[in-house]
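Here is the structure we will look at.
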């Protein structure tokens with residue numbers, strides 16, 4: 001009878017789900033807090049400048065909704081293995097929206113030289129700018145340390161040595177796909193597989209995760225070069 005190589009589910013890491021929910025929840029709370037700040041501060045500023053009332057109420061939400069859309073998109077892409085370089089355009093737009101929110105929230109108080117009020121009004125936007133940088137990166141690192149159990153392409157089995165197969169840890173599909181691309185580019189340019197440290201620098205991931213990804217891709221390349229049949233019995 002042939003030896004089964006069906007993937008086994010990976011055990012859940014302690015605190016994994018709670019940590020992800022906490023980071024996402026904190027980011028969402030800061031966005032809502034900034035939205036509340038902007039609704040009042042930006043509307044007062046627009047009215048002070050003589051802008052029509054119904055337009056004055058729309059300026060703040062327009063900027064805040066832009067921030068929400070960018071944050072949601074960046075966090076989703078980060079969890080699916082996109083690197084900082086790939087997200088650079090979205091992050092620049094998010095920084096611009098964050099700075100715009102900061103300026104709109106503090107402009108009226110600063111123009112009246114109410115610097116204490118301007119400082120308080122800057123709390124929400126400043127936190128938003130900080131979390132727009134830290135949140136996606138943190139979620140990506142949590143995802144790399146505690147990947148979900150995904151059968152199929154994300155799991156790479158060890159070579160069979162006549163015993164029950166030993167399997168390597170479950171690897172995020174997107175990170176594995178990106179590693180294949182970087183390895184192929186590295187081989188094409190330098191004629192050798194990408195190293196662990198080079199991959200770690202490219203993806204900004206932990207050393208152990210980089211080692212697992214490099215080992216998985218090298219095993220795939222070796223298997224394509226010299227395919228081996230699994231042992232079996234009639």
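Assorted remarks:
- Estimated FRET transfer efficiency (residue 84, residue 223; beta-carbon r; R0 35 Å; 0.05): 0.65
- Full-stretch length increase - residue 18, residue 47 - with 0.36 nm per residue and alpha-carbon distance subtracted: 6.1 nm
- A simple packing score, the average count of other Cβ atoms within 10 Å per residue, orders the peptides 19-27, 70-78, 98-106 as 98-106, 70-78, 19-27, with the highest score first.
A short reminder: the numbers here are calculations on the coordinates, not readings from a lab. What you are looking at is a predicted structure, and each value in this text was computed from that prediction instead of being measured. Cβ atoms come from the backbone with ideal geometry, glycine included; neighbour counts cover every protein chain shown.
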